[in-house]
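FYI, it's all coordinate maths here, none of it is from the lab. Predicted, not measured: the structure shown is a model, and the values here were computed from it. Here the Cβ is made from the backbone with ideal geometry for all residues, glycine too, and neighbour counts use every protein chain on show.
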Amino acid sequence: MDGLERLRTKFTVDLHPSKLASATEGVRAHLASLLLRWNEDLEGVLLAFRNERVLTQAATIHPYFPFVRLEVAAEVAVFRPRPGMRLVGTVNKVGADYVGLLVLGVVNASIAADQIRPEFRPRLAEHCWVSSKAAGHRLAAGTKVHFDVAGVRRHGAYISIAGSLQQPSTGAEGFARPPERKAAGAAAAAAAGRQQAGAQAQGPAQQQQQQPGEGKKKKEKKKKDTAAAQQAAANPPAAAAQQQQQQPAPAEQQSAGKKAKKSKQQKEQQQAAPPQQANGPAAAAAGAAADGGGKTKKEKKRKADGADGGATAAAAANGSAEPKPKKQKQKHKG
């Protein structure tokens, strides 16, 4: 039934000095005084306890009262009703506007007339409520009734429960059904279990259908490995030599790697270096030709300049040798 819990917990017990002769008996008497009462620490009604044990090795005295404080551990049964829970109670009273019950034989519960479905009608002469839909569905004294918790009331150290019969799944035992949420949860769990089992059963087949080639490849690879292993077992030296031939020597790998690295570095240096002037006979010939061409042009220019200078000097010499013409004076007639 909902609301019942078993747990192991600890209590702080202030033991009277008169109980110190037998601390265990004193602790048991103290816990018995808490039975069937609301306990704030447990947040419920303490129904039973067992296997109580004193944990304190050196007890302390209460600072204000002459009591010895002990720590005690025990296994307990606690009743914690909450709104919405489905409980079972036994009818002990029937009225025109309510139905009274006892839950677990100790906790009072009552169902008001406005919390009972309209199909039920009270029959005071028979001291019961009778359903108009199902023959024999009666709520009478001694009948076990499945009802929902509508609320929990506290009266000091005691509690009472307000119940409801509004749900169609509630009612007398034999006519009531499990709560809808539990039935739905059980159905969902069962469906999930069936679906998971089906998926597990169909999984391998689907994988084989989706990937038919993988199985063949694995089989072929396995055959090759088996044949290689048999050949190696039959002729170990030949197999070892074949394996060595297939695998390049470490020294060759290292030399090949060094050559490749060196050629790569040379290429990078050639690409990064500026263009250099050409050397050799061809370069010398080209330089000489260039120098000869330059000298010829200079010589021609000098000869031209010399010729022009000679002509100028000759003209000057001729001019100085020729007689200057005399100026004739013109006579002006007056």
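In terms of surrounding Cβ atoms within a 10 Å radius of their Cβ, HIS16, HIS137 rank from fewest to most as HIS16, HIS137.
Taking 7 Å steps out from each Cα toward its Cβ at LEU36 and GLU119 produces label points 3.6 nm apart.
A viscosity of 0.692 mPa s and a temperature of 37 °C, combined with the Kirkwood radius over C-alpha pairs in the Stokes-Einstein formula, give the stretch 1-98 a diffusion coefficient of 211 µm²/s.
Taking label points 7 Å from Cα along the Cα-to-Cβ direction, ARG28 and ARG53 give a separation of 1.7 nm.
Going from the fewest other Cβ atoms within 10 Å to the most, the residues ASP225, ASP2 appear in the order ASP225, ASP2. Put the Cα centre of the stretch 131-151 next to the Cα centre of the stretch 43-107 and the gap is 28 Å.
Residues HIS127, HIS146 in ascending order of nearby Cβ atoms (within 10 Å, fewest first): HIS127, HIS146.
Extension gain, GLN269-SER169: 0.36 nm per intervening residue step, less the Cα-Cα distance, totals 26.8 nm.
For the stretch 4-79, the Cβ-based charge dipole about the Cα centre amounts to some 200 debye (Lys, Arg positive; Asp, Glu negative; other atoms uncharged). In this simple spin-label approximation, HIS127 and ALA77 carry label points 7 Å from Cα along the Cα→Cβ vector, and these lie 2.9 nm apart.
Length available on full extension from LYS10 to ARG177: 0.36 nm per residue minus the Cα-Cα distance, which gives 56.3 nm.
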